[in-house]
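Each reported figure results from applying straightforward, stated rules to the coordinates on display, with no laboratory input. Fair warning: this is a prediction, and the values are worked out from it, not measured in the lab. Ideal geometry is used to build each Cβ from the backbone, glycine not excepted, and the neighbour counts take in all protein chains shown.
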Amino acid sequence: MDFNYLKTKRVNSTLWVEIHNPPVNFLTTDICEELFRLIKKVKKDRSIRVFILTGGIEDNFIMHFSIPELEKISADNRKILVNLIFRSRIMGTLMKYFTTFSNWQMDWIPGYEKLMLLLTKAIRRYSSTLFLWYQMHRLYLAIERMPKITIAAINGACNGGGTEISACFDFRFMIDDQNFTIGQPEVLIGIIPGGAGSQRLPRLIGKARALEFMLKGNQLTPEEAKNIGLITDTFKKAEFHDAVQSFADRMSRRIPAAVEGVKQAVHNGLEASFRHALSIEMEQTSRCFDDPATERAIKEYARIIKEQVEVPKEQRSTIPQVMEILESDSFMEKIGGGRH
């Protein structure tokens with residue numbers, strides 16, 4: 001698969017994806033489209049357990065979304081009367097429900113997502129905004145829903161669209177010794193975080209902190225971002241790649257059925273009532289127990305408990321020691337991989 005803006009590198013069960021858009025890695029609709037195609041392919045590859053997105057230009061993860069594309073939005077909206085539609089309470093409400101229904105259809109009807117993206121792309125030269133919105137939303141959902149461990153390796157400047165896309169990943173790591181910052185500064189130029197940042201950030205760090213972050217539009221240091229839960233952890237630049245890879249190698253040991261189950265239960269459950277969320281959890285639990293690797297893991301775990309915990313106190317292993325066994329190569333070899 002040929003790309004203009006992406007470079008890929010395979011390390012063990014991990015796929016590293018680098019964004020290359022000189023000079024400072026502005027995010028564009030074309031990059032979103034390429035990433036979307038790549039993720040659709042990676043999703044089907046059972047040998048890839050961890051997906052990492054990082055910047056391919058030194059000291060730049062994603063600066064923010066493309067300014068030339070932002071400059072076109074107002075005029076392009078007027079061409080298809082989107083500005084007038086949302087001025088009207090009735091028409092605006094109908095438009096919102098239409099796009100909600102379209103997203104639902106893209107989730108559930110085979111081929112409908114591809115059709116909608118083709119249709120909106122067909123009018124891109126006349127008006128670009130519908131394709132931008134649909135492609136961005138479908139990409140970010142695809143990242144969030146990947147049945148893999150996903151990591152945003154933030155190795156440089158990260159603002160706006162870079163912060164929004166990183167919020168789709170399971171883990172976010174950042175370099176902490178180069179004065180890099182992370183921000184959501186859209187309010188400073190009169191817009192909102194329109195790449196789902198206004199929705200994902202409250203879910204990620206809480207309503208109050210998300211409002212403060214977006215309304216101030218200020219920059220956070222890696223430590224500040226870590227303290228509010230925006231960043232998982234930080235590393236020195238010299239050790240960043242190896243530290244992230246080491247974490248990825250550890251995560252690649254997780255049984256795929258359990259990884260997918262946890263992610264489905266969390267993401268789908270957050271969108272449902274608590275009662276229905278419990279049903280989603282039951283569904284994913286059942287799917288895990290139907291996986292051969294899970295069955296082997298539970299049998300092996302039962303053996304470990306019998307031999308190392310259900311013994312006289314002086315011979316008993318501690319809980320950390322038992323967990324260390326579950327993380328070991330020997331345990332993984334005994335239970336095998338597991339299916340997606």
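So the values come out like this:
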read-out: Ranked packing of 30-38, 319-327, most packed first, by mean Cβ within 10 Å; value: 30-38, 319-327
read-out: The range 265-285 residues near the modelled Asp107 label - backbone nitrogen below 13 Å, point 7 Å along Cα→Cβ; value: 265-273, 277, 280
read-out: Mean Cα-pair separation over length for the range 66-188, i.e. relative contact order, pairs under 8 Å, 6 or more apart, %; value: 18
read-out: Ala157 long-range amide H proximity, modeled H, under 5 Å; value: Asn60, Phe61
read-out: Label corresponding to Cα extents along the principal axes in Å when calculated from the structure given, among (1) 62, 41, 38; (2) 76, 45, 43; (3) 67, 44, 40; value: (2)
read-out: Note, ³J(HN,Hα) from phi for the range 198-205, Karplus 6.51, -1.76, 1.60, rounded to Hz, x at Gly and Pro; value: 5, 9, 6, 4, x, 6, 8, 10
read-out: Furthest towards positive pole of dipole, Cys288, His267, Ile319, structure part the range 256-335, Cβ charges; value: Ile319
read-out: The chain: calculated mean residue ellipticity at 222 nm from DSSP helix runs of at least 4, using -39500 (n - 2.57); value: -17000 deg cm²/dmol
read-out: Added length on full extension, which subtracts the Cα-Cα distance from 0.36 nm per residue, Lys40 to Phe98; value: 18.4 nm
read-out: Packing-based order for 297-308, 180-191, using average beta carbon neighbours within 10 Å, highest first; value: 180-191, 297-308
read-out: Dipole magnitude (debye, nearest 20) for the range 256-335, charges at Cβ of Lys, Arg, Asp, Glu; value: 240
read-out: Segment Glu314-Glu333, length gained on full extension (0.36 nm per residue, minus Cα span); value: 3.9 nm
read-out: Long-range HN-HN contacts of Arg172 with modeled amide H, under 5 Å; value: Ala152, Thr232, Asp233
read-out: Computed label-point distance, nm, for sites Ile191 and Ser47 using a 7 Å Cα→Cβ extension; value: 4.0
read-out: 14 Å reach of a label modelled at Lys121, 7 Å along Cα-to-Cβ, counting backbone N of the range 22-62; value: 29-41
read-out: Mean separation of Cα contacts under 8 Å (6+ apart) over length of the chain, as relative contact order %; value: 15
read-out: Cross-link table Lys7/Lys148; Lys148/Lys263; Lys44/Lys121; Lys44/Lys334; Lys96/Lys263; Lys40/Lys334, entries beyond 21 Å C-alpha to C-alpha; value: Lys44/Lys121; Lys44/Lys334; Lys96/Lys263; Lys40/Lys334
read-out: Residue among Leu38, Pro22, Gly183 farthest towards the positive dipole end of the chain, charges placed on Cβ; value: Leu38
read-out: Phi-based couplings in Hz for the range 179-185 (Karplus 6.51, -1.76, 1.60; Gly and Pro marked x); value: 6, 6, 10, 10, x, 9, x
read-out: Potential extension, Lys7-Thr181 segment - 0.36 nm per residue separation minus Cα distance; value: 60.2 nm
